[in-house]
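Novice: The structure under discussion is supplied below as structure tokens; questions concerning it will follow.
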Amino acid sequence: MSRETYDAEARSHVETRSEGDARIVVMAGEFDMDNVAALRTAMDPLAPGVARYVLDVAGVTFVDSTALSVMLQPGLERPVVLAGTVPARLARLLEITGADVAFDAAPDVARAVTMALPPRGSSRSV
């Protein structure tokens, strides 16, 4: 299953696909309170059959607190893994907000889909 969604102003792009029980969410562009709807849909914490969320954020240029909140929401119930290189601006936001410990990390999407994850509530790091 693959779905692509573009916002009206084309500032952001969200693409989703499934691999096994993982939902892969590819994010690109700027994400803020005005265009977070597609990301919110992709990160539905109640999605049936999803055991983990894999976020490919290599193409992200900006994330505000609203978008960060959406990225964090599924992690209350299911692991959220940041795959690949996290852009410096996003890494800094995660660090200064303390949100970096809420995400698991993997070198790429393929590894993020198959890696063993710590039990919920364990310490993580980006």
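Novice: Mind checking whether some residue in segment 105-123 is within 14 Å of the chain's Cα centre (by Cα), among the charged types (D, E, K, R) and farther than 22 Å from S12 by Cα?
Specialist: So far as segment 105-123 goes, no, none of its residues is within 14 Å of the chain's Cα centre (by Cα), among the charged types (D, E, K, R) and farther than 22 Å from S12 by Cα.
Novice: Take the residues in segment 95-119 that are touching a Lys or Arg at 6+ places or on another chain (Cβ under 8 Å) and part of a loop (DSSP other than H, G, I, E, B); name whichever of them is modelled with the lowest pLDDT.
Specialist: The selected residue is P118.
Here is a yes/no grid of residues against (1) surrounded by fewer than 16 Cβ atoms within 10 Å (Cβ to Cβ); (2) touching a helix residue (DSSP H, G or I) at 6+ places or on another chain (Cβ under 9 Å):
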| position | (1), (2) |
| --- | --- |
| E19 | yes, yes |
| M33 | yes, yes |
| D44 | yes, yes |
| G49 | yes, no |
| V80 | no, yes |
| L94 | no, yes |
| V109 | no, no |
| A116 | yes, no |
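Novice: I'm checking my understanding of the structure. Among residues of segment 5-60 that are assigned to a loop (DSSP other than H, G, I, E, B) and under 22 Å from P107 (Cα atoms), which one is nearest to the chain's Cα centre (by Cα)?
Specialist: If we take residues in segment 5-60 being assigned to a loop (DSSP other than H, G, I, E, B) and under 22 Å from P107 (Cα atoms), then M43 is nearest to the chain's Cα centre (by Cα).
Novice: So R92 clears everything in (1) closer than 13 Å to F103 by Cα; (2) in a helix (DSSP H, G or I) except one condition, right? Which one?
Specialist: Among (1) closer than 13 Å to F103 by Cα; (2) in a helix (DSSP H, G or I), R92 violates only (1).
The values are calculated or read from the model by the stated rules, or taken from the named source; none is laboratory data. Keep in mind it's a predicted model, so treat the numbers as computed, not measured. Backbone-built Cβ (ideal geometry, glycine too); neighbour counts: all protein chains shown.
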